[in-house]
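Working notes, beginning with the structure itself.
The values are calculated or read from the model by the stated rules, or taken from the named source; none is laboratory data. Everything numeric in this text was worked out from a predicted model, so none of it was measured. A quick note on method: Cβ atoms are made from the backbone with ideal geometry, for glycine too, and the neighbour counts reach across all protein chains shown. The area values use the complete protein model at the heavy-atom level, side chains included, leaving out ligands, DNA and RNA. Shrake-Rupley method; radii C 1.70, N 1.55, O 1.52, S 1.80 Å.
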Amino acid sequence: MAAAVRMFVNEQEPRSDSHREKLEIFQRAFPAAFKGRVADIEPAALRRWVKARSVNGNTQAMYYRYAAMFFAYLKANRLIPDNPMDGVPAPKTKPARNILTPDQMKALLNLGLPDYVRAYLLLGGFAGLRTEEMERMDWASVNTKAGQIHVPPGAMKDSGGFDQRIVDFTEPLKRLKAWLAKQSGPIIPMASETFHTHKRRACAPVLALWPDNALRHSFATYHLARAKSAGLTAFQMGHTDAKMVQKVYAVPAALADWKAWWAI
């Protein structure tokens, strides 16, 4: 079992910091629960295992998803004759809202961070830039005189919408213009996997496990709470559909302490 899990984990693409963290969790949890031959595991045992992970449906869904990926990998490589996950129903989930509180953001920024991690927090939380965008951009795209950030073609996510966008400085970025103006070169000057390792270590005193898309979700929530315009928030984020912003962020925004966020 342990060997099969190692094979699966080693062949996964390091898509994101969150994906790597969840692979590590799965690699610890699954072999500890199941011993012996992989082919002997039955659907009933897997159903019990997924349900026992947590009372929270979203957490159960994470374990279910990685178990399903694991057994699909084994079946595709002809290491098992049948996939037992075919008999395991997916847990019911609620969409996650991974939002940092103002106190968490202030605590993160008060850490002794490398400049590239501080830039990641500032541009993600106060401008809504995706990590992948920052990894493809340099500081020439951050115009401190105009108070704008140009996300150029090739940096934005290819989702069939805009190929570039302009993001206006929000209050925290305006207050930090002098620091931003001193930066040069790539915004994230290293490979993605190396950056996420450094980020995890630097932010661990405040957040031991980094939430999925926390900075961009936080920007969207607090921006919508203040702007009261899904269209404006969608435009700043590079979305072509304001309805999605309204559907996903309207309730969290109504409850958010947006004044404290933009006062950071």
Theoretical ellipticity at 222 nm over the chain - DSSP helices of four or more residues, -39500 (n - 2.57) apiece, nearest 500: -16500 deg cm²/dmol
So the angle from the long Cα axis of helix 192-203 to the longest Cα principal axis of the chain, reported in degrees to the nearest 10, equals 80 degrees
Students often get this wrong, so check it: of LYS177/LYS243; LYS92/LYS259; LYS106/LYS182; LYS106/LYS228; LYS177/LYS199, which have C-alpha atoms separated by over 31 Å? LYS177/LYS243; LYS92/LYS259
Where does the charge balance sit around ALA3 when Lys and Arg score +1, Asp and Glu -1, over other residues with C-beta under 14 Å from its C-beta? +2
Region 28-164, dipole about Cα centre (Lys/Arg Cβ +1, Asp/Glu Cβ -1), debye to the nearest 20: 680 debye
Mean separation of Cα contacts under 8 Å (at least 6 apart) over the residue count of the chain, i.e. the relative contact order in percent, is 19 percent
5 Å is the cut-off here: which amide hydrogens, built 1.01 Å from N in the peptide plane, fall below it relative to GLN148, excluding neighbours closer than 5 in sequence? ASN143, PHE169
Can you give the FRET efficiency to the nearest 0.05 for ARG28 and ASP168, using r as the Cβ-Cβ distance and R₀ = 41 Å? 0.40
Net +/- balance of residues flanking ALA263 in space, Cβ distance below 15 Å, scoring K and R +1, D and E -1: +2
³J(HN,Hα), Karplus 6.51/-1.76/1.60, whole Hz, each residue of region 111-122, x for Gly, Pro: 6, x, 8, x, 4, 6, 6, 4, 4, 4, 5, 5
Roughly how many percent of the accessible protein surface of the chain is carbon and sulfur, given a 1.4 Å probe and a whole-percent answer? 51 percent
Can you give the net charge of the other residues whose Cβ lies under 11 Å from the Cβ of GLY87, counting K and R as +1 and D and E as -1? -2
Output the peptides 212-223, 146-157 sorted from most to least packed, where packing is the average of other Cβ atoms within 10 Å over each peptide's residues. 212-223, 146-157
